[in-house]
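Below you'll find the structure, written out as structure tokens, and then a few comments.
The values are calculated or read from the model by the stated rules, or taken from the named source; none is laboratory data. Just so you know, these numbers come straight off a predicted model, no measurement behind them. Backbone-built Cβ (ideal geometry, glycine too); neighbour counts: all protein chains shown. The area values use the complete protein model at the heavy-atom level, side chains included, leaving out ligands, DNA and RNA. Shrake-Rupley method; radii C 1.70, N 1.55, O 1.52, S 1.80 Å.
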Amino acid sequence: MSGGTVASQTQADREEFQADLAADNLQPLWDIVGRIAARAPSRGGVPIHWPWGGLRDHAMRAGNLITAEEAERRVLVLENPSFAGEGRATSSLYAGIQLILPGEIAPSHKHTASALRLIMEGEGAYTAVDGERVVMSPGDFVVTPSNTFHDHGNETDAPVMWLDGLDVFVVNLLNAPFGEEYPESAQPISRPDGYSLERFGRGMLPHGFVRSEARSPLFWWPYHHTRAALDGMRREEQADPSLGLRMDYIDPTSGQSPFKTMTASMSLFPAGYRGVPYRAISGAVMTVVEGAGTVRVGDETWHVTKNDVFVVPSWNWHSFTAEEDLVIFGFSDEVLQRHLGFWREERDAAAQIGIRA
Ligand code: GTQ
């Protein structure tokens, strides 16, 4: 018996066969296997950097052209050129810059997609989630769990801008999007501002609390708490050679990320830090909260300063160098990849033992 040769098949026979298959909604796997089951990740998008100056100018220009009410959300979507027209920052993550001007309300709605926000500029605008407002300051992290009504308002006299992150592409992959507008632009408020932080953000739980829904009852993590946690960590711990001093946001009632789809974290790279290259299977969107430094991602090198946004696509080597204390917020699909059993990470062992400069 020979090892399988097919005699006298011409290219024309194969093409005819393929056409017959296609007519019956069939495809030969051997022609498409490279496209549907690659041997290594290559479709996470490209590394990309948006300096804050440009983002801010474009957002303010949008502010002259459309109201928050008319736009529903006045957002500039951070689109990776690898996914032109799709509005993706990475293969799985959506990111945008949202602007809300004095006196505006971004009307209340809800949707399947979960959202996170990292406040970039402006003090004192609010977001309302599920009957409660939080008043936001730069560096604050706020979440809108899946299917909760949320609206934003700015009662101050200055523009407010933040980074939005949503898991819409995970929702869309599963064809699970539902959405609804609240009948009025602002939802009714039934609790004092920031009350969820008092109830759930102090290492205690209201007696008898039962976690009945898979969502975080805490939805505001003020920056002064985050920064104090990082400063405490810095006094007592060695920074990770690649990840610096990193703290991940959690739902205090589960000990896990507030989302099933996204991990969010704040990292401090102390002045003089020179990170070892690292890569992980999670794609990420990051923004500088404080300080300045150099970020290398794949073949790109960027000098980054406050409020710059950049994309670290899945499985791209990257490293951080801090000129001064550098604080970076990031969100990624890490928690989802871990849950699915897909997690992989690597550190550049040669760089770690000093072979490479
Ligand atoms: O603030 O609710 O960037 O629904 C995209 C969709 C923000 C929001 C976005 C949204 C929102």
With the full set of protein chains in place, find how many percent of the accessible area of the chain is carbon and sulfur; take the probe as 1.4 Å.
52 percent
Using +1 on the beta carbon of Lys and Arg, -1 on that of Asp and Glu, and nothing else charged, what's the dipole of the stretch 36-123 about the Cα centre, debye to 20?
460 debye
Contact order relative to length of the chain, as percent, for alpha carbon pairs under 8 angstrom and 6 or more apart
16 percent
For I36 and A350, calculate 0.36 nm times their separation in residues minus their Cα-Cα distance, and state this gained length in nm to one decimal.
109.7 nm
For every helix of n ≥ 4 consecutive DSSP H residues, a contribution of -39,500 (n - 2.57) applies; sum these over the chain, divide by its total residues, and give [θ] at 222 nm rounded to the nearest 500 deg cm²/dmol.
-5500 deg cm²/dmol
Determine the distance separating the Cα centre of the stretch 275-341 from the Cα centre of the stretch 57-91; give it in Å without decimals.
22 Å
Charge dipole magnitude, Cβ of K and R +1, D and E -1 - the stretch 156-213, Cα centre, debye nearest 20
420 debye
Solvent-accessible area per residue for the chain at a 1.4 Å probe radius, Å²?
51 Å²
Compute the distance in nm between two label points, each set 7 Å from the Cα along the Cα-to-Cβ direction, one at D157 and one at F209.
3.9 nm
Most mobile of I250, I36, I100 in a GNM of the chain (Cα contacts under 10 Å):
I36
GNM on the chain, Cα springs under 10 Å; top mean-square fluctuation among L230, L205, L55 goes to L205
Got a number for the accessible area of H58? Probe 1.4 Å, square angstrom, nearest 10.
110 Å²
Provide the gained length on full extension for the span M60 to E123, in nm with one decimal, where the gain is 0.36 nm per separating residue minus the Cα-Cα distance.
21.0 nm
